[in-house]
Amino acid sequence: MGTKSVKVKTSAVFLDRDGTVIFDRNYLSSPKKVKLYSFSAQSINKLRAAGFKIIIVTNQSGISRGMFTEGDLIKVNRRLLSLLKAKGAKIDSVYYCPHSDFDDCYCRKPKIGLALNGARDFDIDLKKSYAVGDSIRDYLFGFNMGGKGILVLTGHGKKEQDAIIVSEKIKPFIVCKTLKQAVNFIIKDAKRYPR
Ligand SMILES: [Mg+2]
Ligand SMILES: [Zn+2]
């Protein structure tokens with residue numbers, strides 16, 4: 001009696017959408033064109049079994065550029081969730097940034113607004129969390145939130161990897177072939193930290 005129970009914060013894996021969980025279709029606006037990678041559902045299930053919150057964070061500047069609407073995006077996201085559900089995989093939330101670089105928002109990756117939303121909604125410890133994606137912005141997002149950023153080589157990953165060498169001082173924590181390898185890494189890495 002009198003002892004306060006300490007609520008332990010959870011950790012999360014922030015997944016990029018296009019080129020990481022689904023095939024990159026270049027400004028995807030049609031639910032019909034949503035196609036999961038063969039390893040996505042299983043990888044997400046593995047993360048969930050390991051106790052992570054799983055949040056999709058996606059830059060969707062096509063909205064700011066007038067290429068599609070927020071309504072289109074929501075339909076695409078819904079389709080993604082239903083494809084995952086059909087394979088028994090569940091995402092905790094999807095956050096998106098509808099802006100472009102010109103909008104100077106707080107949420108376009110590598111800015112960490114979307115991670116802060118996750119921290120607020122799910123009581124996440126960002127320092128013990130991970131971000132996975134196929135672009136430089138994605139692993140920088142992981143770095144900027146104080147966690148670890150992983151680059152995958154699906155989608156634009158290979159091209160982005162070449163660009164790092166030229167332009168970026170900050171490197172990915174690790175480069176993985178696909179989300180599948182990234183998840184294996186995360187699960188091993190996280191075992192070193194009490195959660
Ligand atoms: Mg991507
Ligand atoms: Zn934004």
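No value in this document is a laboratory result; all are computed from the given coordinates. Keep in mind that this is a model prediction, so the values were computed, not measured. Here the Cβ positions follow ideal geometry from the backbone for every residue, glycine too, while neighbour counts run over all protein chains shown.
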- [ ] Place +1 on the Cβ of every Lys and Arg and -1 on the Cβ of every Asp and Glu in the chain, take the dipole about the Cα centre, and give the residue among Ser93, Ile112, Met67 whose Cα lies farthest towards its positive end.
- [x] Ser93
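Please compare each pair in Lys32/Lys87; Lys46/Lys180; Lys90/Lys158; Lys9/Lys128 to a cut-off of 20 Å on the Cα-Cα distance and tell me which ones are over it.
From the list (Lys32/Lys87; Lys46/Lys180; Lys90/Lys158; Lys9/Lys128), the Cα-Cα distance tops 20 Å for Lys90/Lys158.
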TODO: Using the Cα centre as the reference, give the magnitude of the dipole from point charges on the C-beta atoms of the chain (Lys, Arg: +1; Asp, Glu: -1; all else neutral), rounded to the nearest 20 debye.
DONE: 860 debye
Open item on the list: Distance between the C-alpha centers of region 166-195 and region 81-147? Whole Å please.
Closed with: 15 Å
Task: Signed unit charges on C-beta, dipole axis of the chain, positive-most listed residue Phe185, Ile124, Phe141 - done: Phe185
Task: the chain: Cys lacking any partner C-beta under 4.7 angstrom - done: Cys105, Cys176
Open item on the list: Charges at C-beta only: +1 for Lys and Arg, -1 for Asp and Glu. How large is the resulting dipole of region 33-102 about its Cα centre, in Debye rounded to 20?
Closed with: 420 debye
- [ ] Find how much the distance from Thr69 to Asp104 grows on full extension, using 0.36 nm per residue of separation minus their present alpha carbon separation; answer in nm with one decimal.
- [x] 10.7 nm
